[in-house]
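The block underneath contains the structure these notes are about, expressed in structure tokens.
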Amino acid sequence: MKYGSPPEDRVGALPSGVGIPVGKAAPDATVQDTDGRPARIQDLAKEGPILLVFYRGGWCPFCSFQIRELTMAHPEYRKRGVLPVAISVDRLEESAKTRASYAIPFPVLSDPELVAHRAYRVAHHVDEEKFSRLKGFGMDIERSSGRNHHVIAVPSLFLIEREGIVRWAHAEPDYKVRPSTPQILAAIDGGRLPSPCEV
């Protein structure tokens, strides 16, 4: 299911109290990759800039479209020396299923304990009414996360340079609205990260 894109003047915006602003140090957090190994965000960024993408879960059709877009545009990110890194509250098995479904060529991380979600201030609590409504649609967030905290991500993106500073950030409480690939690439190009041969 395709999402809408924000107007240009809203690209790179963070709602009050959500996310880590540009110029601030990106919080470190250790979660798990799809092989069950510890994955430390700072370590990933040390190898080169990363685009940290918080998505609601593999059950969300808008997130699935976003992951597919990131996968298709991977050569463009690679050309710019940027590694997308997708992260959700989904438990390990669900994250692995998402990665396999789209043959994703970049890391997919699992954070059911909300370590990174809280550090990046993108944890969104789903109330009982919405939880029941989602479950009625076959979207069981408790089964996906393996937890009963009823927390999912505010869809958001953080471009983190290898020095650990947030270069660009965007968060959108409306899960049906997310920056398009051209908008994200324009933000990367606008900040002109060093190319791999320059670092």
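The values are calculated or read from the model by the stated rules, or taken from the named source; none is laboratory data. Remember, predicted model here, so these are calculated numbers, not experimental data. Note that we place each Cβ from the backbone using ideal geometry, even for glycine, and neighbour counts take in every protein chain shown.
Just give me the residues in the stretch 15-42 being touching a residue at least 12 places away in the same chain (Cβ under 8 Å) and either touching a His at 6+ places or on another chain (Cβ under 7 Å) or of a type in the set (Ser, Thr, Tyr) (or both), in sequence order.
Answer for the stretch 15-42, where residues must be touching a residue at least 12 places away in the same chain (Cβ under 8 Å) and either touching a His at 6+ places or on another chain (Cβ under 7 Å) or of a type in the set (Ser, Thr, Tyr) (or both): 30, 34.
Can you name every residue in the stretch 30-48 that is surrounded by 14 or more Cβ atoms within 10 Å (Cβ to Cβ) and at positive phi?
Within the stretch 30-48, 48 is the sole residue that qualifies.
List the residue pairs whose Cβ atoms are under 9 Å apart, where the first residue sits in the stretch 86-104 and is touching a residue at least 40 places away in the same chain (Cβ under 8 Å), the second is assigned to a helix (DSSP H, G or I) and charged (D, E, K, R), and the two are 6 or more positions apart or on different chains.
Filtered contacts from the stretch 86-104: 88/94; 90/97; 91/143; 94/143.
Go through the stretch 48-64 residue by residue and tally those that are in a helix (DSSP H, G or I) and either under 13 Å from the mean Cα position of the chain (by Cα) or farther than 20 Å from residue 171 by Cα (or both).
Applying the first criterion (in a helix (DSSP H, G or I)) to the stretch 48-64 yields 61-64.
This time we only want the ones that are either under 13 Å from the mean Cα position of the chain (by Cα) or farther than 20 Å from residue 171 by Cα (or both), so: 62-64.
Total satisfying the criteria: 3.
Given (1) outside any strand (DSSP E or B); (2) in contact with a strand residue (DSSP E or B) (Cβ under 9 Å, 6 or more places away or on another chain), identify the lone condition not met by residue 16.
(2)
Counting only residues that are in contact with an Asp or Glu (Cβ under 6 Å, 6 or more places away or on another chain) and not hydroxyl-bearing (Ser, Thr, Tyr), which one in the stretch 120-161 is farthest from residue 88 (Cα to Cα)?
Top of the filtered list is 148.
Out of curiosity, is residue 140 in contact (Cβ under 8 Å) with a residue 40 or more places away in the chain and under 20 Å from residue 175 (Cα atoms)?
Considered against the rule, which asks whether it is in contact (Cβ under 8 Å) with a residue 40 or more places away in the chain and under 20 Å from residue 175 (Cα atoms), residue 140 comes out as yes.
Kindly state which helices (runs of 4 or more DSSP H) lie completely within the stretch 87-187 and contain at least 3 residues that are out of contact with any strand residue (DSSP E or B) (no Cβ under 8 Å at 6 or more places or on another chain) and either at pLDDT below 95 or within 26 Å of residue 13 (Cα to Cα) (or both).
So the answer is 92-102, 128-136.
Can you name the condition, by its number, that residue 108 falls short on among (1) touching a Lys or Arg at 6+ places or on another chain (Cβ under 6 Å); (2) farther than 26 Å from residue 186 by Cα?
Unmet for residue 108, out of (1) touching a Lys or Arg at 6+ places or on another chain (Cβ under 6 Å); (2) farther than 26 Å from residue 186 by Cα: (2).
Give me a count of the residues in the stretch 138-164 that are out of contact with any Lys or Arg (no Cβ under 7 Å at 6 or more places or on another chain) and surrounded by fewer than 21 Cβ atoms within 10 Å (Cβ to Cβ).
Count: 12.
Just to be sure I understand, how many residues within the stretch 65-86 are crowded, with 21+ Cβ neighbours inside 10 Å, in a strand (DSSP E or B) and not small (Gly, Ala, Ser)?
Initially, the stretch 65-86 is screened for residues crowded, with 21+ Cβ neighbours inside 10 Å, giving 66-67, 70, 77, 82, 84-86.
Subset that is in a strand (DSSP E or B): 84-86.
Then keep just the ones that are not small (Gly, Ala, Ser); that gives 84-85.
Residues flagged as crowded, with 21+ Cβ neighbours inside 10 Å, in a strand (DSSP E or B) and not small (Gly, Ala, Ser) within the stretch 65-86 amount to 2.
Taking the stated definitions as given, is residue 9 at negative phi and out of contact with any Gly (no Cβ under 9 Å at 6 or more places or on another chain)?
Yes; evaluated as a whole, the condition is true for this residue.
Is it the case that residue 56 is touching a residue at least 24 places away in the same chain (Cβ under 8 Å), farther than 25 Å from residue 151 by Cα and crowded, with 16+ Cβ neighbours inside 10 Å?
Answer is no for this residue.
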